[in-house]
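Remarks on the structure that follows.
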Amino acid sequence: MQTRALALCLALAGSTQVLAEEQWGLGLGVISAASPYQGESKDVLVVPLVSYDNERFHFSGVSASYDLYEEGAFKWAAFVRPGFDFFRPDDADDESMRSLKRRKFSVLAGVRLETELGFAKGSLAMAHDITGNAKGYSLEAGLSRQFIINRVLMLKTELGLVYADQKTVDYYYGVDSGESPYFAAYTADSALNPYVSATLMYQLDPNWQLFSNLKVSEYDSEIKDSPIVARDRDVQFMAAMSYKF
């Protein structure tokens, strides 16, 4: 699952960037993440981070967004980012999991609306799998707030919900009839996964910054009840250093 952990790391790194004029960023990050599938161990990886930001375009490794329209407290943006979990039977440690079909990687493309609510920033995003693997869509709603602790330290907190449609959930966590002699057939329905996230950023100087992120997502019962899923929640932790120029 090293590729999945790398994608998560780069996506999280992009979510921590502060809007600025045109600049590049290079850094190094450490991430701890675990697959929900049976028999998969936790990954701890050290990976490079690359980012680019200008007034409208934002890029971070495997994620990109473009600001389409901004008026007052509202902003529309288009984005492309990594999708849901994927699974390669050849990488599985358990014989039973090696009997399953491959669940391929997905890429989500969509639009996001952001607005200032006074007490927090609200966001609503809709995305579709453009790879054609899961052939599904997802919706995400979130509330985030930044706290400036002092001139060099900032905390960002976020609460959110991710809705995945039936096609997406069944593709990744369902089991087809006759797919495996070890697992009974399981058809998964749509899922609603809540999450909480906290990011701490420390500005060492105008160019160097340290940041860490902890994100916990609770799986819907449609995912937890799958015979090939071993975890009730997804816990991701990341720490990184980056240099902006």
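The values are calculated or read from the model by the stated rules, or taken from the named source; none is laboratory data. Everything numeric in this text was worked out from a predicted model, so none of it was measured. Here the Cβ positions follow ideal geometry from the backbone for every residue, glycine too, while neighbour counts run over all protein chains shown. Accessible surface is based on the protein model in full, side chains and every heavy atom, while ligands, DNA and RNA are left aside. Shrake-Rupley method; radii C 1.70, N 1.55, O 1.52, S 1.80 Å.
Side notes on the structure shown:
- The residue pairs whose first member lies in segment 207-226 and is more than 15 Å from Ala34 (Cα to Cα), whose second member is open to solvent by 60 Å² or more (accessible area, probe 1.4 Å), and whose beta carbons are closer than 6 Å, counting only pairs six or more residues apart or on different chains, are Asn207/Tyr243; Trp208/Tyr243; Leu210/Tyr202; Leu210/Met241; Ser212/Leu200; Asp220/Leu192; Glu222/Asp189.
- Segment 227-244: number of residues that are more than 13 Å from Pro36 (Cβ to Cβ), open to solvent by less than 60 Å² (accessible area, probe 1.4 Å) and of a type outside the set (Gly, Ala, Ser): 2
- Number of the exception - Ala92 against (1) open to solvent by less than 50 Å² (accessible area, probe 1.4 Å); (2) farther than 28 Å from Phe183 by Cα: (2)
- Tally of residues being charged (D, E, K, R) and buried (at least 19 other Cβ atoms within 10 Å of the Cβ) across segment 48-84: 2
- Tyr186 among the aromatic types (Phe, Trp, Tyr), within 16 Å of Arg233 (Cα to Cα) and surrounded by 16 or more Cβ atoms within 10 Å (Cβ to Cβ): no
- Subset of segment 95-107 (residues that are open to solvent by 70 Å² or more (accessible area, probe 1.4 Å) and closer than 18 Å to Ile130 by Cβ): Lys104, Phe105
- Residue match in segment 140-162 (condition: touching a His at 6+ places or on another chain (Cβ under 8 Å), of a type in the set (Gly, Ala, Ser) and buried (at least 18 other Cβ atoms within 10 Å of the Cβ)): no
- Residue in segment 20-28 that is modelled with pLDDT under 85 and farther than 20 Å from Gln209 by Cβ present: no
- Residues of segment 163-175 satisfying the condition of being touching a Leu at 6+ places or on another chain (Cβ under 9 Å) and surrounded by fewer than 18 Cβ atoms within 10 Å (Cβ to Cβ): Tyr163
- Some residue of segment 229-237 being more than 30 Å from Lys101 (Cβ to Cβ), in contact (Cβ under 8 Å) with a residue 12 or more places away in the chain and either among the polar types (S, T, N, Q) or part of a helix (DSSP H, G or I) (or both): no
- Candidates are the residues of segment 124-139 that are crowded, with 17+ Cβ neighbours inside 10 Å and touching a residue at least 24 places away in the same chain (Cβ under 8 Å); the one that is nearest to Asp67 (Cα to Cα) is Ala125.
- Only one of the numbered conditions (1) farther than 25 Å from Leu214 by Cβ; (2) in contact with an Asp or Glu (Cβ under 7 Å, 6 or more places away or on another chain); (3) surrounded by fewer than 17 Cβ atoms within 10 Å (Cβ to Cβ) is not met by Pro194, and that is (1).
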